[in-house]
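The values are calculated or read from the model by the stated rules, or taken from the named source; none is laboratory data. This one's a predicted model, so the numbers in the text were calculated from it and none came from an experiment. Reconstructed Cβ throughout: ideal geometry from the backbone, glycine too, with neighbour counts over all protein chains shown. Just so you know, the surface numbers come from the protein's heavy atoms only, side chains and all, with ligands and any DNA or RNA stripped out. Shrake-Rupley method; radii C 1.70, N 1.55, O 1.52, S 1.80 Å.
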Amino acid sequence: MAFTKLSIEAAGADATRGSFPPSETDVWTIFRALRDARSVFGLRSGHIQTLQAMLSFLKPGHGETVFASNNSLCQRVGGIDERTLRRHINRFVELGFIKRNDSSNRKRYRVRSSGGECISYGLSLTPLLQRASELIAIAQEMENNRRDRIFVRKQILTKLAHLEEHDPSNAFINHARKALRRKLSLPEYHALLANTDAECQSLSTPDTPAETTELPANDGQTVRHQSKSEEEKKDSDSNIGDEALKPNLLTSVCDQATSFSPERLRNWLDIENHARTLAPMMGIHPETFEKAKNAVGAQKASCAIFIMLQLGKRIRDFGAYFHSITLGQRQNQFDPLALIKRLSETNERTV
């Protein structure tokens, strides 16, 4: 539906001499653009219904001025009261979408001269139609933003499902899902996606299969070989703890963890049992602690608990950090002895 401009400026009213080519943009396309972008202008659904009623009174080839009375407009909107109608119209006038061309008696009508000129008194929607490109651009931008937010949200949910599959106790998962319950902006979605990517990268889930070795003819030799390898690994872990880091050094430096123990921690077994008790209090699932114990050894996993509690507020998420240094990519970088020495030096400087 296209409309021509037939109003002229005379007697204090806005009008136009002659007629102009029809508008290239359908008026209902403009209406839908404003409807979709109404939040930008602070408009509610009631305002949009009033505008729709006014547009319905326009006739092709008869200009862009609404001559219908307030009573007729109220009925077409659906029976709203006249005060609400006036409030809606005033809002459109404030936004520059409607212009009032009032007659001396406030009636809405059109008069023509013998030469074909006319004066239209009523509610002119010309300003709305003149801003067609602006409204359509805003509506398109909002639609693009909506689609992008959905796209990034789906990426986050997919990565969270991957995290949940490999580490159900990861505290980051609950944090991210709580954030997704809110209506986030596109930059906030991108920030959350970046954090989720970082969390996924910390998982030690290699895609390449393990190298195959030639099995000996005797199955018994295979079993003995595997048992010997596991014993060597456990012995290596034990040597790290016994030779390089003594239990009394750990308990004295990490006094925060030690203070929660009702009894004195005399050896590594006491420390391990105490760490297993502290882990759930720090948001670390018992299964995650056991996985870490199997991966890096009981002493290293226990040291991680003690050191993290000593660092306190410097670690935002205990669960994610513990997973990173015991099961994730930072597993080989975690050196309990070096951290304990650093904490010991810090304590000495503060004394």
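So here's what we get for this one:
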| read-out | value |
| --- | --- |
| The stretch 296-327, residues that are among the aliphatic types (A, V, I, L, M) and either within 20 Å of residue 267 (Cβ to Cβ) or without any contact (Cβ under 8 Å) to a residue 60 or more places away in the chain (or both) | 296, 298, 301, 304, 305, 307, 308, 309, 311, 315, 325 |
| In the stretch 301-327, the residues that are outside any helix (DSSP H, G or I) and modelled with pLDDT under 85 | 315, 316, 317 |
| Count of the stretch 132-145 residues which are surrounded by fewer than 17 Cβ atoms within 10 Å (Cβ to Cβ) and not polar (S, T, N, Q) | 5 |
| Residue in the stretch 285-295 that is surrounded by the most Cβ atoms within 10 Å (Cβ to Cβ), counting only those that are out of contact with any Lys or Arg (no Cβ under 9 Å at 6 or more places or on another chain) and within 22 Å of residue 337 (Cα to Cα) | 291 |
| Among the residues listed as 101, 145, the single one being in contact with a strand residue (DSSP E or B) (Cβ under 7 Å, 6 or more places away or on another chain), over 30 Å from residue 328 (Cα atoms) and in contact (Cβ under 8 Å) with a residue 24 or more places away in the chain | 101 |
| Positions within the stretch 146-155 being surrounded by 13 or more Cβ atoms within 10 Å (Cβ to Cβ) and under 27 Å from residue 31 (Cα atoms), in sequence order | 148, 149 |
| Qualifying positions in the stretch 156-207 - within 14 Å of the chain's Cα centre (by Cα), open to solvent by less than 20 Å² (accessible area, probe 1.4 Å), in contact (Cβ under 8 Å) with a residue 24 or more places away in the chain and within 18 Å of residue 285 (Cβ to Cβ) | 160 |
| Test for residue 134: is it among the acidic types (Asp, Glu) and closer than 30 Å to residue 189 by Cα | yes |
| Selected residue (only one of 257, 298 is modelled with pLDDT under 90, surrounded by 21 or more Cβ atoms within 10 Å (Cβ to Cβ) and farther than 25 Å from residue 163 by Cβ) | 257 |
| Residue in the stretch 13-34 that is surrounded by fewer than 18 Cβ atoms within 10 Å (Cβ to Cβ), polar (S, T, N, Q) and at pLDDT 90 or above present | yes |
| Filter result for the condition that a residue is open to solvent by 30 Å² or more (accessible area, probe 1.4 Å), over 16 Å from residue 166 (Cβ atoms) and of a type in the set (Phe, Trp, Tyr), over 334, 318 | 318 |
| Any hit, the stretch 48-55, residues being within 30 Å of residue 187 (Cβ to Cβ), in a helix (DSSP H, G or I) and open to solvent by less than 30 Å² (accessible area, probe 1.4 Å) | yes |
| Tally of residues being among the small types (Gly, Ala, Ser) and in contact with a His (Cβ under 7 Å, 6 or more places away or on another chain) across the stretch 144-191 | 1 |
